[in-house]
Amino acid sequence: MLSYSDARQKVIEVAGGLKRPLLLTQVEIEQAFGRILAKPVLADRDYPPFDRSTRDGFAVRSGDAKVPGARLECIGELRAGGQFDARVESGQCVEIMTGASVPQGADAVVMIEHIQRDGRTVTLERAAAPGDHIVSRGSEARAGALLVAEKTRLGYAEMALAAQAGATRLEVFAAPRLGILSTGDEVVDARSTPGPLQVRNSNGISIEILARTAGAETTQLGNAPDEKHALKAAIERGLEADILVLSGGVSMGKYDLVEQVLADLGAEFHFTGVSIRPGRPAVFGTCRNKLVFGLPGNPVSTMVTFELFVLPAIDVLNGGTARPLPVFRARLATRVREKGPITHFLPARIEWQGSEARVTQLPWQGSGDIVALALANGFLVVGPDRPEIEPGEWVDVLPRRGAI
């Protein structure tokens, strides 16, 4: 049985080798967050487009400010976006605001905190050197320079840079389509009133949110009963998407039919179990040139396996590269003891004491306990070679997406 890291790598390899054309689309910049850029953004002009002051103060000639105590005549004021036509001559200065264009003749700015003013006379309390508190024209980027490269995932900084360059309509790779299908006779719609032996479908909601935040377009396919013909029909509808994610029906029970039906449809399985808890029965395959994931139906198992395996597939089909798991180190607050040569992902609370992260395992009732997961902001990762860990030891933690 594969380790979770080997299974994750298998997903990335298979997704990368899928014979699927990367389609392009154009989106308004406001809708581009998280998308993968297909056409680079170039600078439309020099940035900054003028010598820019980085402080409120006075624009001076550095030759007049070689030593503290210089007295200069203030000949005007210049605010951001304003224009000053006169040239600063020897013995003169101009009051200037942050972001304003440095006037001709000046080559330094003295911060307002370091001057004394009496009417038009300004006394400098500090010396100034050429370039002080000035960003020179074109020092950030020259016209035509590459600002945002192709295949960059667009975050707020990249989008702000594109907006600065006037690139308000961006060419991106088309998002993969992801179908969501739950299974089980006991599952009813979340808006329904369940019977005494039924449960509402929470997996459809969690999968949709995780998929959307990863950059996929989603289609809810409802719930399929534990019956082969109905399940087959539902899966065939789901195979119209680029990725099909099923929850439930992948364990070893008599009515766990997902693998059987996928096999009947000609699926090739790349793994049918992973050495993790929760989520051990997770299944990954390809069918009709589409990626298919069978995730365990218990909600915590569904969320963990989606994070580990489906998200990198979305990254790859989005035209980018799979982002690494954001695992980091924290000190364990309480003793942990787990059994079996398997990697555990335990609901946990991560807190900071100064700059040091500390993690506490939360009590939980197994992989169906969404209450515990909602209280957690991450997972304590306990490896197969370290089943017992004492307080104060360093451990791996995986933040819960959106909770930190």
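The values are calculated or read from the model by the stated rules, or taken from the named source; none is laboratory data. Computed from a predicted model, the values in this text were never measured in an experiment. Here Cβ is always computed from backbone atoms with ideal geometry, including for glycine, and neighbour counts include all displayed protein chains.
A few remarks follow.
Let's see how each residue does on (1) surrounded by fewer than 20 Cβ atoms within 10 Å (Cβ to Cβ); (2) charged (D, E, K, R); (3) in contact with a Leu (Cβ under 6 Å, 6 or more places away or on another chain):
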residue: 65; (1), (2), (3): no, no, yes
residue: 75; (1), (2), (3): yes, no, no
residue: 83; (1), (2), (3): yes, no, no
residue: 87; (1), (2), (3): yes, yes, no
residue: 93; (1), (2), (3): no, no, yes
residue: 105; (1), (2), (3): yes, no, no
residue: 109; (1), (2), (3): no, no, no
residue: 112; (1), (2), (3): yes, no, no
residue: 119; (1), (2), (3): yes, no, no
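- Consider the stretch 235-269 and keep the residues that are of a type in the set (Ser, Thr, Tyr) and under 32 Å from the mean Cα position of the chain (by Cα). The one that is surrounded by the most Cβ atoms within 10 Å (Cβ to Cβ) is 247.
- Among the residues listed as 340, 297, the single one being farther than 23 Å from residue 179 by Cα and modelled with pLDDT under 95: 340
- Of the residues making up the stretch 49-97, those that are of a type in the set (Val, Ile, Thr), more than 23 Å from residue 140 (Cα to Cα) and either in a loop (DSSP other than H, G, I, E, B) or at pLDDT below 95 (or both) are 67, 88.
- Checked against the criterion of being among the basic types (Lys, Arg), out of contact with any His (no Cβ under 6 Å at 6 or more places or on another chain) and either crowded, with 18+ Cβ neighbours inside 10 Å or more than 29 Å from residue 214 (Cβ to Cβ) (or both), the stretch 373-386 has at least one qualifying residue.
- Count of residues meeting criterion [among the polar types (S, T, N, Q) and either crowded, with 17+ Cβ neighbours inside 10 Å or modelled with pLDDT under 95 (or both)] in the stretch 136-151: 0
- When the residues of the stretch 19-39 are filtered to those that are touching a Leu at 6+ places or on another chain (Cβ under 8 Å) and part of a loop (DSSP other than H, G, I, E, B), the one that is farthest from residue 212 (Cα to Cα) is 39.
- Residues of the stretch 65-87 that are at positive phi and in contact with a Phe, Trp or Tyr (Cβ under 8 Å, 6 or more places away or on another chain): 76 alone.
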